[in-house]
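Here is the structure we will look at, set down as structure tokens.
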Amino acid sequence: MVAGGGALYWSLRYDHGARYITQKLDRGPVAPTVLASGAVQPIIAAEVTSHVSGAIEVLSCDAGAKVRAGQLCAKIDPRPYQDSVERAKVDLATAKARLEIDKAALVRAKAALDPNEAKAKRRTASRKALEASRKAYEQALARTSLGEASIARSQAALEASQIDLAHTDIISPIDGTVVSRAAEIGQMVEANARAPLFAIAANFAIMQVGAKVGETDIGKIKLGDKARFAIQSLPDHFFAGEVTQIRPSAPTAESGAAYDVVIAAPNPDLLLEPGMMAAITIVGERRDNVLRAPDRALRFKPEDAALPNGAVGQAPPPEGWSRVWILRDGKAMPVSVQLGLSDGVYAEIVKGDVRPGDQAILEIVDERPAPSGGAPSNR
């Protein structure tokens with residue numbers, strides 16, 4: 001009997017020079033875990049972008065700085081927008097002056113029309129004079145209406161220009177801490193670009209860790225699973241969290257299909273800071289005191305010729321079942337089993353003609369000398 005890795009292994013020798021390496025089936029926990037790495041980030045963060053285009057001429061917020069709502073973090077060169085405001089003011093003043101002229105012309109046209117209409121009622125005005133004064137009045141009225149519409153458009157253009165000018169001030173929308181800065185003096189920025197210039201976190205009392213998990217491991221994880229992680233710069237601390245989000249990640253040629261897993265973690269002592277790298281262990285569904293088989297036994301697939309001492313046949317297991325080879329009365333027997341959870345070391349046995357204490361075969365060691373005097377072979 002050989003002890004190794006906390007499990008008991010049996011070596012049974014046979015006269016023909018081969019022996020079985022076995023391990024007993026037992027009852028115990030099966031707890032799948034997934035290892036990953038990721039970066040610490042705040043849960044609540046406001047992304048600050050620019051609503052206008054231009055070059056940054058003032059920069060007053062850096063990563064790690066505390067800011068207040070309304071505080072100036074950067075400023076876009078305002079001169080093009082100031083010019084736009086001035087032009088809009090001139091256009092509005094011109095439209096108002098033109099309207100005053102049109103209103104005066106309307107008053108005169110009305111004054112000319114009224115007498116002609118009165119004369120027309122007494123049949124003392126010519127038809128031609130009445131039509132001419134009426135046409136002049138209608139034209140003056142139309143010009144006045146156009147002038148009022150022009151003023152409304154000019155007023156709207158002025159207000160839009162003033163808003164754009166105000167947007168050259170890039171301000172913090174919340175009280176918090178600047179998590180990241182992607183702005184530099186002289187940098188040209190585009191209006192409403194997707195990449196934020198600043199990210200500002202409101203609260204560090206709860207942080208999150210984002211990890212990428214491959215498709216082979218994602219089935220072991222579900223929402224609410226517990227996680228623990230360590231930070232390299234904080235070797236004496238371990239942090240606990242919980243899986244709060246699982247979503248497909250954009251595939252890449254290097255990693256293939258992957259998933260983004262987000263873990264929320266309390267940070268009452270404010271030890272966790274944005275950007276810290278975390279080594280994460282996610283603990284999936286756990287089952288205790290279940291009959292389990294070592295994964296090595298489930299991977300054991302001998303050739304018929306390698307089975308000593310009268311091993312019985314190798315009929316394939318039913319669909320959806322697996323096979324474990326058990327040593328009974330000195331003979332190797334294949335037993336079909338239905339598996340449950342697996343943690344990479346042990347797999348839960350849900351159904352099958354096995355029980356605790358059965359000797360599961362891990363491998364066969366052939367100790368007969370090789371024809372050329374080489375080393376013994378392992379199967």
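The values are calculated or read from the model by the stated rules, or taken from the named source; none is laboratory data. Just so we're clear, the structure is a prediction, and the values are computed from it rather than from any experiment. Positions of Cβ are generated from backbone atoms using ideal geometry, with glycine treated the same way; all protein chains shown enter the neighbour counts. Note: areas computed on protein heavy atoms with side chains; ligands, DNA, RNA excluded. Shrake-Rupley method; radii C 1.70, N 1.55, O 1.52, S 1.80 Å.
Observations, loosely collected:
- Charged neighbours of L234, selected by a Cβ distance under 14 Å, balance to -2 (K, R count +1; D, E count -1).
- Each Cα pair under 8 Å and six or more residues apart adds its sequence gap; the mean of these over the residue count of the chain is a relative contact order of 27 percent.
- Accessible-area composition of segment 100-221, carbon plus sulfur, in percent [1.4 Å probe]: 56
- Rounded accessible area of E117 (nearest 10 Å², 1.4 Å probe): 60
- Prolate/oblate/rounded call for segment 88-132, Cα gyration tensor, a/c under 1.5 rounded: prolate
- Remark: the S336-E285 segment gains 15.9 nm on full extension, using 0.36 nm per residue and subtracting the alpha carbon distance.
- Restricting segment 63-127 to trypsin sites (Lys or Arg not before Pro) that sit in a DSSP loop and have at most 16 other Cβ atoms within 10 Å of their own Cβ leaves R68, R122, R123.
- Principal-axis tilt of helix 127-166 within the chain, Cα atoms, nearest 10 degrees: 40
- Angle of helix 79-121 to the longest C-alpha principal axis of the chain, folded into 0 to 90 degrees and rounded to 10: 40°.
- For segment 160-183 versus segment 66-145, the spacing of their alpha-carbon centroids is 38 Å.
- Largest accessible area first, the listed residues T216, T144 line up as T216, T144 when surface is computed with a 1.4 Å probe on the assembled protein chains.
- Each of V262, Y20, A152 was scored by the projection of its Cα onto the charge dipole of the chain, and the greatest displacement toward the positive side belongs to A152; charges sit on the C-beta of Lys, Arg, Asp and Glu.
- Label assignment, P(r) over Cα pairs in 10 Å bins from 0, in percent derived from the structure, set (1) 5, 20, 24, 24, 19, 8, 1, 0; (2) 4, 14, 14, 13, 11, 9, 9, 8, 6, 4, 3, 3, 2, 1, 0; (3) 5, 24, 33, 26, 10, 2, 0, 0: (2)
- Positive-end extreme of charge dipole, the chain - chosen from A140, V34, A65 (charges on Cβ): A140
- Positive-end residue of P294, P196, V179, charge dipole of the chain with Cβ unit charges: P196
- Rounded to the nearest 20, the Cβ-based charge dipole of the chain about its Cα centre (Lys and Arg +1, Asp and Glu -1) stands at 2160 debye.
- Radius 13 Å from Cβ of G64, net charge of other residues (Lys, Arg +1; Asp, Glu -1): 0
- Using a probe of 1.4 angstrom and keeping all protein chains present, the accessible surface of the chain works out to 57 square angstrom per residue.
- Accessible area of E100 in the full protein assembly, 1.4 Å probe (Å², nearest 10): 110
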